Structure formats: structure tokens, C-alpha cells
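I have a structure here, written as C-alpha cells, and I will follow up with some questions on it.
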Amino acid sequence: MEIKQLIKKALCAREYAYAPYSEFRVGAAVLCSDGSVFTGANIENVSLGAANCAERTAIFKAVSEGKRSFEAIAVASDMDRLIYPCGICRQVLAEFKVPVVIAADNKGNYRVYKSEELLPHAFIEFHTSKEKRK
Ligand code: THU
């Protein structure tokens, strides 16, 4: 799967955005290690805090279909400049070890980042006080 193809899928997914409040459409496409691709769009809610970003929609779709290993995610919006995942999405990228983020614009121009660059020192494990006592 080429980077350009993954961006194209993200741009197509953007068409399904449900964004009546922000009117800001975002699309994402996550490439799984088995070659499959899951797409997602942002889904808003009248209770604004209940909005879900495109990146999380794509990743959650993949995870809920049994995917656990990922290669990259592409994200694009209606803007003619690159878009980057929000903080919550960066945390989700860290959880599922999506190693590469392709930030794209509405024309398909892009830059490639390591997820580590976008969220250094990510919180990826914890132990309970119970385990600590062992
Ligand atoms: N949004 C995304 O879907 N992805 C991002 O990377 C940033 C923001 C959405 C959330 C909300 O629906 C709208 O964009 C405005 O914040």
C-alpha cells in the first residue's frame, strides 16, 4: 500500500464525516500489518465533548474487527494545510503502537512522522499498587 493510496482513502473517508457543529471534516485511514485498511471520519454530537475524531474512528473500527498490528495512519481534512492528530488520538496511537503518522492536506501533500515524535514519553503501561507490593 503506497502512502498516496492511503491518503486517498483518508480523503474519501472524510466525505462521511458527521460534523454539523464544527463543519470541519476529517478523514483517516489506518493500514494494518496484514495489508487491510480501515477508514474513519469524525463524528460529532450536540453534546460537543462526545465527538470522536477520524483517527479514533478508524483505529476503533480496526481493533473491533480483531486487528492488533498496524503500520501507519493517514489523516486529512478540508484544509489546504497538513492536519495532525489531537492529543487524545496520539494517546490511542501509542496504545495500539501505530508507528507512523502521515499528516496530509486536502490536495494529498503530506509529511511522514514517527508517532514517537508526536507523543514522546507516551504513557503506555502502569502497575497497580497491589502489583507493586509483590
Ligand atoms: N478532528 C479530527 O477528527 N481529527 C483531528 O486530528 C483533529 C480534530 C475533529 C474533531 C471535531 O469533529 C472537529 O475535527 C473539530 O475539532
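Distance in nm between label sites at GLN91 and PHE24, each 7 Å beyond Cα in the beta-carbon direction?
1.9
What order do you get for ASP34, ASP105 when you list them from fewest to most C-beta neighbours inside 10 Å?
Least crowded to most crowded, the residues run ASP34, ASP105.
Hey, with R₀ at 22 Å, roughly what FRET efficiency would ILE124 and SER64 work out to, going by the Cβ-Cβ distance, to 0.05?
Here the calculated transfer efficiency is 0.60.
From the square roots a ≥ b ≥ c of the eigenvalues of the alpha-carbon gyration tensor of segment 1-75, which class results: rounded (a/c under 1.5), prolate (a/b over b/c), or oblate?
It is oblate, given that a/c is not under 1.5 and a/b is not larger than b/c.
Let me ask something else. Any chance you could check the Cα centroid distance between segment 1-51 and segment 54-68 for me, in angstrom?
Using only Cα atoms to place each centre, the spacing works out to 11 Å.
State to the nearest 20 debye the size of the charge dipole of segment 10-114 about its Cα centre, where the only charges are +1 on K and R beta carbons and -1 on D and E beta carbons.
300
For the chain, what is the number of Lys pairs with C-alpha distance below 16 angstrom, counting only pairs 8 or more positions apart or on separate chains?
So the count works out to 7.
Round to the nearest 10 and give me the degree value, 0 to 90, for the angle of helix 54-63's Cα axis relative to the longest principal axis of the chain.
Helix 54-63 sits roughly 60 degrees off the main axis of the chain.
Report the extension gain between GLN5 and ARG81 in nm, rounded to one decimal, defined as 0.36 nm multiplied by the number of residues separating them, less their alpha carbon distance.
25.5 nm
Continuing with this model, one more query. Towards the positive end of the charge dipole of the chain, with charges on Cβ (+1 Lys, Arg; -1 Asp, Glu), say which of PRO20, PRO85, PHE96 has the farthest Cα.
PHE96
Next question, about the same structure. Treat each spin label as a single point 7 Å out from the Cα along the C-beta direction, and report the ASP34 to CYS12 distance in nm.
2.0
Would you work out the charge dipole size for segment 36-85 about its Cα centre, treating the Cβ of every Lys and Arg as +1 and the Cβ of every Asp and Glu as -1, and quote it to the nearest 20 debye?
200
Using the Cα centre as the reference, give the magnitude of the dipole from point charges on the C-beta atoms of segment 68-134 (Lys, Arg: +1; Asp, Glu: -1; all else neutral), rounded to the nearest 20 debye.
Around 440 debye, computed over segment 68-134.
For segment 71-134, which GluC sites (Glu not before Pro) are in a loop by DSSP, counting at most 14 other Cβ atoms within 10 Å?
Loop-located and lightly packed - GLU125.
With θ taken as phi - 60° and the coefficients 6.51, -1.76 and 1.60, list the Karplus ³J(HN,Hα) couplings across segment 22-36 in order, rounded to whole Hz; mark glycine and proline as x.
Result, rounded to whole Hz: 8, 6, 10, 8, 10, x, 9, 9, 10, 9, 8, 5, 7, x, 6.
Can I ask one more? Out of LEU118, LEU93, LEU48, any idea which swings most in a Gaussian network model of the chain, alpha carbons joined below 10 Å?
Of the options given, LEU48 has the highest mean-square fluctuation.
Readers should treat all values here as calculations from the given coordinates under stated rules, not as data from a laboratory. This structure is a prediction, so every number in the text was calculated from the model and none was measured. As a convention, Cβ positions derive from the backbone with ideal geometry for all residues, glycine included, and neighbour counts pool all protein chains shown.
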